[in-house]
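K.L.:
There's a structure below that I have some questions on.
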Amino acid sequence: MQNFVVIIVGLGVVGIIVYLILSRKKEKPEDCKTIINENAQLKADLGQKDRTLGELTNELQNEKTQKDQLFGKNKQLFVQVTSLEAEKTNLLNEKESLIKEISNFRATENSRKKESDDNIKRLDEATIAFGEEKQRVRREDEERLRKEREEKDRMWAEHEENVKNQLTELCKSPQYGFKYYDNNNLPTDLGGKFKPDFLIEFLEQYVIFDAKVSESDLQNYINVNVKSTVQKINGNAKIYSTVFFVVPTEAMKSLKKIRFYEQIYEFFVIPPEAIEAILASLKKISSYELAQQLDPRDRENIVNIISEFDYHINMRNAYDILASESGVSILKKASVLKNDIKEEIRLKKETMRLQQFGTTDIKTLMVNTEIQEERINELTSPKAAISDSNIKTVKPILRKKN
């Protein structure tokens, strides 16, 4: 492009020169100098034009170079703009995605916050309910323990008096008829230092029945009282060599040892239910005028009976203790049940009442072994509940078949 412009400009200049020369030939010689001067001037102008043309060519070249540079830069800028547009598009898409994520996050956060607030509220309510339930259970436990303590205190408080009343009633009964003493009217030949709860006159001696109570360690209390009682007896010949400590039936299960031998005295720890059996044995022995006059066979029978009584009482005590331990083990297994089931069991137990046995029924069975055997036979060999009228109706039919 640049060469083409130079050629055109050059042709234009040559054409002007030729035209001027041809026009000067028609003029006069005197004008030749003028023409020469003009030609020189034209050549000078032409040189100036050439320089100007060169400068223009250089400028054109520079412009072209700048144009090429700008074109290259333009291409680069286009590429950059295209890349930026793509990046802008990606950023816009990412922005929209982030906006959606933020919106979802805010919605989720609000939902979680609401859920958290609800959980905190439920937790607070559960904490309050748990605290109230804990207080209720504690109050119930305290009330139960209070009632148990009151019942135990009542049992211990009434135990001594109940034992004395039971012994008094039995001794007064015609079948036993023992002469007796309590700690308010003790015999004069006993001495003033020793005051047991109850004495029975037996073969010119006194059999001691002493009610024992302790709110703490009953076993240790019994152990100590065995030794202290021997010291109080102090070898008194009027005291029979067998001494009976009477403790509440419920307390028997807490004792690991119920038979003691100290010096020449033998001690038995018995429940109130064993008193009458012991009195019956003593009555059997006292029916003879003198123990030395007993027939050897009768003496052996008496010894056997007392031994069997002793064995039976100890065996029954062992059964009661083992049965109690088994019951405690079963109750412990119930602790693994679910809370709702344990709560139903607790509510059911609150409505239950202790089974009460009539005093008359107990005494009837206690004093008559035949009735005891009849009741046992009824349990082991129950009779069919068939009315007499039905039996009469069936009898003719059975006879015909025979």
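K.L.:
Listing PHE105, PHE309 from the residue with the fewest other Cβ atoms within 10 Å to the one with the most, what is the order?
P.N.:
PHE105, PHE309
K.L.:
Now for a different question. By how many nm would the segment from SER214 to ALA107 lengthen if fully extended, with 0.36 nm per residue of separation less the alpha-carbon distance?
P.N.:
31.4 nm
K.L.:
With the dipole of the range 173-336 worked out from charges on the C-beta (+1 for Lys and Arg, -1 for Asp and Glu) around the Cα centre, which of ILE200, SER281, ALA334 lies farthest toward the positive end?
P.N.:
My answer, from the dipole projection, is ALA334.
K.L.:
A further question on this structure: Net charge within 13 Å of THR229 by Cβ-Cβ distance, Lys/Arg positive one each and Asp/Glu negative one each, not counting THR229 itself?
P.N.:
Surrounding charge for THR229 is +1.
K.L.:
7 Å from Cα along Cα→Cβ at both PHE78 and GLU169: what's the point-to-point distance in nm?
P.N.:
Calculated label separation equals 12.6 nm.
K.L.:
Here is a follow-up. State the answer as a single residue: which of CYS171, ASN185, VAL213 lies farthest towards the positive end of the charge dipole of the range 158-244, with beta carbon charges of +1 for Lys and Arg and -1 for Asp and Glu, about the Cα centre.
P.N.:
After comparing all options, I get ASN185.
K.L.:
Then there's this: Running Debye on the range 169-264 with equal point scatterers at the Cα sites and no solvent, what base-10 log of I(q)/I(0) appears at q = 0.11, 0.16, 0.17, 0.23 Å⁻¹?
P.N.:
Values returned for q = 0.11, 0.16, 0.17, 0.23 Å⁻¹ are -0.35, -0.73, -0.82, -1.28.
K.L.:
Quick one: MET366, MET252, MET352, MET315, fewest Cβ neighbours within 10 Å first, how do they rank?
P.N.:
MET352, MET315, MET366, MET252
K.L.:
Sticking with this one: How do LEU337, LEU199 line up, fewest other C-beta atoms within 10 Å first?
P.N.:
Ascending Cβ contact count within 10 Å gives the list LEU337, LEU199.
K.L.:
Now, a different point. Between LEU203 and LEU354, what is the FRET efficiency for a Förster distance of 35 Å, r being their Cβ-Cβ separation, to the nearest 0.05?
P.N.:
0.25
Coordinate-derived values only; no laboratory data. Computed from a predicted model, the values in this text were never measured in an experiment. FYI the Cβ positions are ideal-geometry reconstructions off the backbone, even for glycines, and counts take in every protein chain you see.
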